[in-house]
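For reference, the structure is listed below as structure tokens.
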Amino acid sequence: MRPFAYDRAETTALAARHPTAQGQTDAKVQFLAGGTTLLDLMKLDVLRPERVVDITPLKARHSGIEVGPDGLRLGGLAAMAAVADHPAVKRDYPAIAEALQLAASPQLRNMATLGGNVLQRTRCPYYRDPSWAACNKRTPGSGCAAIGGFNRQHAVLGVSERCIAQYPGDFAVALAALDAEVELVGPGGARRISILDLHTGSDRPHIEHSLRPGEVIVGFRVPAAPWARRSTYLKIRDRQSYEFAIASAAVALDLDGGVVRHARIGLGGMAYKPWRAKAAEAALVGKPLTEDTATAAARLALEGAVGHGHNDYKVELGRRTVVRALLAASATEV
Amino acid sequence: MAYDASDDPRQLFGRPTPRIDGVAKVTGAARYASDEPVANPAYAYLVTSAVARGRVAGFDLDQARAAPGFIDVLTHENVGGQVKTNPDPAGKPDNTTTLESDKIWHDGQIIAVVLAESFEAARDAAHRVGVRYAAEAPSASFDSPGVQVEAHKPQTPDAKKGDAAGAFEGAPVKVEARYSTPTQHHNPIELFTTTCVWDGPKLTIYEPTQSMWGLKGGLAKQLSLDPKDVRTVSRFVGGAFGSKGSPTGRTAWIALAAKRLNRPVKLIASRDQGFTIATYRAETRQQVKLGATRDGKLVSFFHEGWEVTSRPSGYNVAGVETTARMYACPNIATAVNVVHADRNTPGFMRAPPETPYMFGLESAMDELAYALNMDPVELRRVNDTQTDPVDGRPFSSRSLMPCFDQAAARFGWSRRDPKPGAMRDGDWQVGWGCATACYPSNIGPAAARLSLTPSGKAAIQLAGHEIGTGAYTTVAVTVAHALGLKVEDVTVTMGDSDLPPVPVAGGSNNAASTTNVAYKACQMVRDRVAGAAVKAQDSPFHGADPAALRLQDGLLRGPGNLSEPLDKAVARTGGRLEVYAENIPAGLPPSAAQGLYEGKMVMSRGTGRKDVTAFAFGAHFVEMRVHVRTREARVGRVVSAFAAGTIVNPTTAHSQFMSGAIWGLSAALHEATEIDADAARYVNDNLADYLLPVNADVPPIEIIMVPEKDDRVNPLGVKGIGEIGITGMNAAVANAVFHATGKRIRDLPIRVEHLL
Amino acid sequence: MDRTQPEGPSRRHVIGAAAGIAAVPAVGSAAETGRAAQSDASGKVDMTLTVNGQARRAMLDVRTSLLDALREHLDLTGSKKGCDQGQCGACTVHVDGERVLSCLILAVSVQGRRITTIEGLAEAGGRLHPMQQAFIDQDGFQCGYCTPGQILSAIACVNEGHAGSDDEIREYMSGNLCRCAAYPKIVAAIKQARPQMAVSPGTPAKVGQV
């Protein structure tokens, strides 16, 4: 961990005065919220900010949880644990609550904020250890040690020859499935973007997302929708808890007597960024949710998936995860 | 000498006793090595190699020197010749080096030690060290080009009897299969730490160790010091599992750094560094061939292993020494090969030979049971024996089938439908499997000092090791019972090489070695008290046979219900009584005591004894559940039974058995160190990616302690229990997964992708 | 939608580290700070931490984690370092009554918050917290290294209402690795302590508030 100046920002206006570049490895200024990613990567000497701006004072204004007729609004600095335990979120947006509850550990969920969580960096071991020379995410143009290396945990969707890192989070996958928007405040004022536009692609791996300098995630909006209550988050992993997904699916269904009116499918644990399987969703509409239709949708969801050896299994596991999640959601009492 | 049946020392034990160090451990008062306060320490941070083979061509140190708080940096260039190389875990001189030269043997090798004013400054400066490598293409593991394969050099000749090949050819039922087990790292939660403090010529090392005197002797040699000037302190060890059994390369450099700075130096190595600066369980490949008659009697046993090691060391675990002794068989052949790669030297990890090799054997036994259409428990029964099949010596005791029968009954094994895939619970396929557990019963020489005051307070001192086994408590229980005191009246001091030596806390010898020497010391105290009593006019025992007296209930007791208060009996010996005892187990030479003081590993092993072969045995039963779609394999429940002679403290013994069993589950389902094949570097060197089980992974586990009296293994009948729990469990899991799914997994760990 | 409503007086704190940061523009001046903490030339900061009810003052490197502040500077070595990267739970402490990982918290950032460590659980007379006693009674540990973190996590698990069933306890205790694998006995300890924490004084609410 390199020396840095420590700063606290009491307001978003003050935070906005800092030229952060949260999503870039060489950023000189970083916001500190829960610290669970930032301090970890600073200790590993991956991130070397010269100024750290502690935005936890913003919690006072930006950690609310509101469940209303228009939808769900979550403060960007709300703790993961608070949202995971919220009765109305559990009742009306189960995929959100489950994704948060199945993430990390109770201690980390107390510390980590929602905004920090969606920005969590990849767990790619070649990224996390600077003694590996080749990593396009850390050092643009240096190559990718994971391609041809040990890549069992890596992504099969949205990858490129530059980077096959996996987006490790859960919550953003549920947000992606439920059409959520991200509320940002920065030097240019406030704006909202789709969660699907927050994370950027593997063609430019050294840039992780579309936040502008000084922008803070102050909230998330999940629109009210007939499928939200029949939603679930299924997380597959090698151990029962406290582990990142090797495959996950957030699904939501609006059923009309067993026939799919609307479907939403987000994929995690196998994609470069929080992934939305729209072709699979479309294929389900108007059909009864059965083993066969779910399997056909799952095939579409993993279309274009590319394995790199150790992670080849994720293509088939991903399909099965989608099927299992769809069948579970359809069987849910709402 | 027998007074009555209860004079049998084995009767002393068996009462569940809470840990006497419990309060220290639940209040944060227990001092682990890095908790020891030292004045004004400098902090060390290691720089480790990013390549696995080659040389250090040079360092760029300007940036590191410019880091705030930087003090000094040690490299081969400035200190290379000042330390002798640490031997390998087997004590052989051929081992990988650290700062001795520019040579790089493996990834993560220590190549520099940065010293700074604070931990933060040291870490920062270490990250700024630039290294120029002259790198060569490394060999990572079995299939890598450039590895060298050779037959191992066995401790005792490889087991061979009859004509295994010929018998296999002619056997009516055969199983032939290849198995593999992965690289594993101990990953105790306590990191590898070292704090060194000099006081003139005297060096004190605070370091978590399983071998106080081994570390002392080893460091004295490496630093060319008089062993009298080296003291090691390790009052509590935060998990060890073998990783802290042999000295590692780091310690001498920290001592040297403290000397150079004339100031205490403290090292807390990082978690990832722990994967390469200490040892690990090497990956194995095995071939097993079993031939049997149609009624299941083995006629041929063949087991061959391949094990990875470093370039210079021949270290290997050769578990065929154990597997060849499990079942009666007239024709036996074994072989072990070592495969030298560009890796750090492996070493002891909980049940080093049995964990990998019993996986091969016990999986093959299950395959044989299916080939025979025979219940796997019955297959073990048909081949059970009270005689070591290799040496022809009797087992000191062997309660394998009582373990199988009691655990099977408790598990409900009789309700099992043997057909694979026959059992299901909703979306989960269910399977039941079993396997044999075993571990040799080892004991080493040990020394202790014991005192008893007239007020009935005993104090025992020995350089023992509390690594979680409950060592303080087992010694206290022994002394309390043998002297007729309450456990609260016994003080145990351990974890300091200024105390009399005991062997390495490894090979599950700790309880046998320390309780037997403690008991011997207690007998010496009793002899002194009794001897004085029979000579004293004022004693009710005047003129009695001293052998008929014993210490019990705070009294000196004798025949005919006569007794004398302890204070009077002890005071008569001259007040506070102190004895020094050495126990040299039967079969070891008298020089064993000297070896102990030199920090050498001297052990009476369960195999290779002249009189008996000594093992503890057990049986595992496990239920596995595999999801029909996504194929996660989860453990449903476990019943394991063990017979391990005298159980000193059932409370801590239960914990040892239980956690061993969980280690076995973990070996089957979770743990594997992944290696980048081209770079020969460990990739998942952290606790998020190297999977240990979490609480949610562990189902209800029932442990049965099958009573067993053994009057041959050692005087107290104590067999080691710390390692047996893990053995065979990996096979039991794989056997249960086969039963659940019909899929035989011969390569561990069992992952989703194997079952898709 | 703009949620940046007026947010009260502007207060900010700048705490410098060591040399090499001059290139980064500071926003505003440190003089604005309400409770400014300034670094000295070596990058150290005068900090006050409230640990187990006591205010503890120290000059620490701004990079110091809460864990290292406790262990290396305040002689509170009960909190343990097992990974230093949020993966093992051995460093678990309570901040304002919530369980958190002290290895991933900058000490400078939790000034003014209530920090409770394992050393702060037993009563002054030495009477153990029911959870501490339960860990002894159930043999809920072996080497003892992860135990302080387990106990603080276990107390929080009960206080959060996440100790309702064995399965729930297992899940909500999964952030604390125990390499000795005492897990089933940790579950038993929590079940033993749970009812005592609900009724006996000096328990749940008090933890973290002392």
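The values are calculated or read from the model by the stated rules, or taken from the named source; none is laboratory data. Just so it is clear, the model here is predicted, and its values are computed rather than measured. Note that each Cβ is placed from the backbone with ideal geometry, even for glycine, and that neighbours are counted across all protein chains shown. Please note that ligands, DNA and RNA were not included when accessible areas were found on the heavy atoms of the full protein model with its side chains. Shrake-Rupley method; radii C 1.70, N 1.55, O 1.52, S 1.80 Å.
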Per residue Cα convex hull volume in Å³ - calculated over the stretch B:218-287: 139
Taking Cα centroids, how far is the stretch B:471-529 from the stretch A:114-168 in Å? 54
Is the stretch B:26-90 best put as rounded, prolate or oblate by its Cα gyration tensor, with a ≥ b ≥ c the root eigenvalues, rounded for a/c under 1.5, and otherwise prolate when a/b is larger than b/c, oblate when not? oblate
Among rounded, prolate and oblate, which fits the stretch A:5-54 when a ≥ b ≥ c are the square roots of the eigenvalues of its C-alpha gyration tensor, a/c under 1.5 means rounded, and a/b larger than b/c means prolate? prolate
Please give the per residue accessible area of the protein assembly as shown, computed with a probe of 1.4 Å over protein heavy atoms only, in Å². 31
Counting only helical runs of four or more DSSP H residues, what would the 222 nm mean residue ellipticity of chain B come to if each run contributes -39,500 (n - 2.57) and the total is spread over all its residues? -7500 deg cm²/dmol
Round to the nearest 10 and give me the degree value, 0 to 90, for the angle of helix A:291-301's Cα axis relative to the longest principal axis of chain A. 30
For the stretch A:5-54, with all protein chains present and a 1.4 Å probe, just round the carbon and sulfur fraction of the accessible area to a whole percent. 45
HN-Hα couplings for the stretch B:646-651 via Karplus (6.51, -1.76, 1.60; θ = phi - 60°), in whole Hz with x for Gly/Pro, come out as 5, 9, 5, 9, x, 5
Assuming 0.692 mPa s and 37 °C, estimate D for the protein assembly as shown with Stokes-Einstein, Rh taken as the Kirkwood radius over Cα pairs, in µm²/s. 102
Report the percentage of all Cα-Cα pairs in the stretch A:251-334 whose separation exceeds 15 Å, rounded to a whole percent. 52
Cβ under 10 Å from residue B:50's Cβ, residue B:50 left aside: what net charge do those residues give with Lys, Arg +1 and Asp, Glu -1? -1
With +1 on the Cβ of every Lys and Arg and -1 on the Cβ of every Asp and Glu, the dipole magnitude of the protein assembly as shown about its Cα centre, in debye rounded to the nearest 20, is 580
Residue-count net charge about residue C:182 - beta-carbon cut-off 12 Å; Lys, Arg +1, Asp, Glu -1: +3
Averaged across B:119-127, how many Cβ atoms of other chains sit within 10 Å of each residue's Cβ atom? 6
May I ask which of A:314/C:81; B:419/B:709; B:266/C:185; B:84/B:259 have a Cα-Cα span longer than 28 Å here? A:314/C:81; B:419/B:709; B:266/C:185
Is the shape of chain A rounded, prolate or oblate, going by the alpha carbon gyration tensor and its root eigenvalues a ≥ b ≥ c, with a/c under 1.5 for rounded and a/b larger than b/c for prolate? oblate
Within 10 Å of each Cβ in C:147-155, the average number of Cβ atoms from other chains: 3
Burial-style ranking of A:165-171, B:95-101, A:127-133, average other-beta-carbon count within 10 Å with highest first, yields A:165-171, B:95-101, A:127-133
Tell me, what are the semi-axes, in whole angstrom and largest first, of the equivalent ellipsoid of the stretch C:64-185 as set by the roots of 5 times the Cα gyration tensor eigenvalues? 22, 16, 14
Using modelled amide H (1.01 Å from N, peptide plane; none on Pro or chain starts), what sits under 5 Å from the amide H of residue A:5, excluding residues fewer than 5 places away? A:51, A:52, C:17
With just the Cα atoms of the stretch B:551-590, tell me how far they stretch along each of the three principal axes, in Å, largest first. 40, 26, 13
With -39,500 (n - 2.57) per DSSP H segment of 4 or more residues and division by the full residue count of chain A, the 222 nm estimate, nearest 500 deg cm²/dmol, is -7000 deg cm²/dmol
Dipole magnitude of the stretch C:68-210 about its Cα centre (Cβ charges: Lys, Arg +1; Asp, Glu -1), debye to nearest 20: 100
Residues with amide H under 5 Å of residue B:536's amide H, sequence separation 5 or more or different chain, H placed in the peptide plane at 1.01 Å from N; which? B:543
Using the structure shown, list the pairs from A:28/C:80; B:221/B:244; A:28/A:137 with a Cα-Cα distance above 21 Å, or answer none. A:28/C:80
Lysines near residue B:486 by alpha-carbon distance under 21 Å, same-chain residues fewer than 8 away left out - which ones? B:457, B:520, B:568
For the stretch B:230-260 and the stretch A:39-100, distance of Cα centres in Å: 43
Per-selection Rg to Rh, the stretch A:105-216 - Cα, Kirkwood hydrodynamic radius: 0.99
Across B:287-299, the residue-averaged tally of Cβ atoms belonging to other chains within 10 Å stands at 0
Alpha-carbon centroid distance for the pair the stretch B:677-752 / the stretch A:248-276, whole angstrom: 38
